[in-house]
Structures are given as structure tokens and as C-alpha cells.
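Here is the structure we will look at, set down as C-alpha cells.
The values are calculated or read from the model by the stated rules, or taken from the named source; none is laboratory data. Everything quoted here is computed from the prediction, not taken from an experiment. All Cβ positions, even for glycine, are placed from backbone atoms using ideal geometry, and neighbour counts span all protein chains on display.
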Amino acid sequence: MTSSDWGDWLPRAVAEADPETVSLWYLGCNGFAIKGRDGTVLWIDPYVGTGDPPRTVRMVPVPFDPDDVADADAVLATHEHTDHVHGPSQAPILANTGCDFVAPDDSLAVARDEEQWTEEWAVDDEQFTEVTEGDELRVGEFTVHVVETHDPDATHPVGYVIEHPTGTVFHAGDSKPSPSFSELATEYDIDLGILAFGSVGTIPDKETGEPVRTKWYSDENQAIEAASALELDRLVPTHWDMWKGLTADPTALHEHARSFEHPKRLEVVEIGDRIEL
């Protein structure tokens, strides 16, 4: 774990913000801080680790120290991979704020058994909330629906449809296009969708160290296929900035989206950017 490249300005910006609707801060990788107009704060997949060089090499700054996070009502995890469930990134937030860690079973197994958050940090087991597809929970001003996604590299991935009186956000984790997305479009009017996007590259194999052709995220066509099925008003691509060898140009999505009704708007954000719902 390294210290923040940016000091504490990002957690302070979240704490001091007074949104008119809902504000979202992109944390790089697939992470977001989300704050509603009544002050509820959600953190989704926050990750400030540096990967596992030379296999996975972080390409963006570490934007905050978890110990500096003073405002959190819940930390949500989409699946069990280390850049989505990571004790050094997330457990201090639970310890400092007393908030809940909301995650599916395999993600909780990482926190409980593999990383032993309750032993390594001042985290109580009661802060762990297990969820699965079809669940609904209320966190302050947000209603969070746990939905099915399609990430064949994960053992139990989920997505979160986050409803607010002023609009709806969907965080799909690292999902590729899913048969469930057209059903979600029928059930929810999604204003802003967050979809992982990246290139195909060669990444050293975890066991042998030999370079292997790797595709962890949707390519351009898949990202637009997913956004179209979800009938998104706004598409925010993520993960394209993170890992050496798998980075991509999100502006290329403009050309792929041009002839489709959805997404109506492509919104490219960089790490540290704030956008409004």
C-alpha cells in the first residue's frame, strides 16, 4: 500500500460537497464515491492498491488515503477480485466511519477469511451485509437494488441499481453484456450507467509469469451493446485507465455509439472528476 499522491483533498471534497441532486466522483479503476443531496455517501469498489507488479501495474495516481475518509454510509463491492475487495483500501473506511460493507458471498469470504478484516482492522463482523441478486436495501436517501450481471472472470459478481428521487445510477462492476440488461431497462429508467471498458493485451500468467492474451473488460462493441440493451441516457466508461497493457481510449466509443439510440450521451471522466446526476 502506498500513500495518496493527492493528499486528502478528494475525501474533503466529498465531505464538503452539497449536491443539488447526486454527485459522483470517479476514483479510477472502477471506483466511485456517490453523495446525495441529503448527505448520504456510498463508496463503490474503492481501490487504492498498486496491483501486483509486474503482472498488474497501476497506471493512475492513488487519489486518497482510506484513513482520510470520514463520510461513508456504506461501501459496496461488486465482486471478489482484489481491485474490488481490498482490505487496505476499504477496511479503514469501515473502521473510521462504522459503515457497512455490502457485498455478495464470495466477496465477503475474501474480507472475512482471506484478509481477516475483523482481526487486522477495527471492523466488526456486524458491519458485513451479504446480498445477492434480487435483494433491495435502503441506505439513507438511496434505494439499492442488487441485480444480475455477466462477468465470467468472477465467481459471484453483482451490479447495483441505485435509485434516488432525482435519478437512477447503475454500476455494473466488470460485467460484459448480459441477457439481464434488457430486463433491467424495462424495470428501471437508468439515467447514468457505469460500464467497465478496456483493450485486449498480454498480461503475465499468475502461475508461470508467461505473457498471455488477456481480455478482462468489454471492448468498444461490447460496451455499446451493453449500454444499448440498458437503454442508458448517459454512459460512463471505467477501468480503461487502470492496468498497463489493458488501457484504452474511451473517446473511441463515440464512433461506436453514433448509430444507436442508446446511450444518448457518452461521458468520459478521468480520475478525480466530479459529475452530477
(Q) Tell me yes or no: at least one residue of the range 185-200 is out of contact with any Asp or Glu (no Cβ under 9 Å at 6 or more places or on another chain) and β-branched (Val, Ile, Thr). (A) yes
Q | Members of the range 1-31 found to be aromatic (Phe, Trp, Tyr) and touching a Pro at 6+ places or on another chain (Cβ under 8 Å), listed by number | A | Trp6
Q | Residues that are touching a residue at least 60 places away in the same chain (Cβ under 8 Å) and within 22 Å of Leu24 (Cα to Cα), drawn from the range 204-231 | A | Leu230
Q.
I need the full set of residues from the range 24-55 which are surrounded by 14 or more Cβ atoms within 10 Å (Cβ to Cβ), part of a strand (DSSP E or B) and out of contact with any helix residue (DSSP H, G or I) (no Cβ under 8 Å at 6 or more places or on another chain), in order please.
A. Leu24, Tyr26, Phe32, Ile34, Gly36, Leu42, Ile44, Gly51
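Looking only at the range 170-226, filter to residues that are assigned to a loop (DSSP other than H, G, I, E, B) and of a type in the set (Asp, Glu); which one of those is surrounded by the most Cβ atoms within 10 Å (Cβ to Cβ)?
Asp174
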Q | Near pairs, Cβ below 7 angstrom, 6+ apart or cross-chain, from the range 100-120 (in a helix (DSSP H, G or I) and among the aliphatic types (A, V, I, L, M)) to any residue that is surrounded by 21 or more Cβ atoms within 10 Å (Cβ to Cβ) and at pLDDT 95 or above | A | Val110/Glu80; Val110/Val85; Ala111/Val85; Ala111/Gly87; Ala111/Phe101; Ala111/Trp117
Q. Across the range 81-109, what is the total count of residues that are surrounded by fewer than 21 Cβ atoms within 10 Å (Cβ to Cβ) and among the aliphatic types (A, V, I, L, M)?
A. 2
Q) Going by the structure shown, is Thr143 outside any strand (DSSP E or B) and surrounded by fewer than 19 Cβ atoms within 10 Å (Cβ to Cβ)? A) no
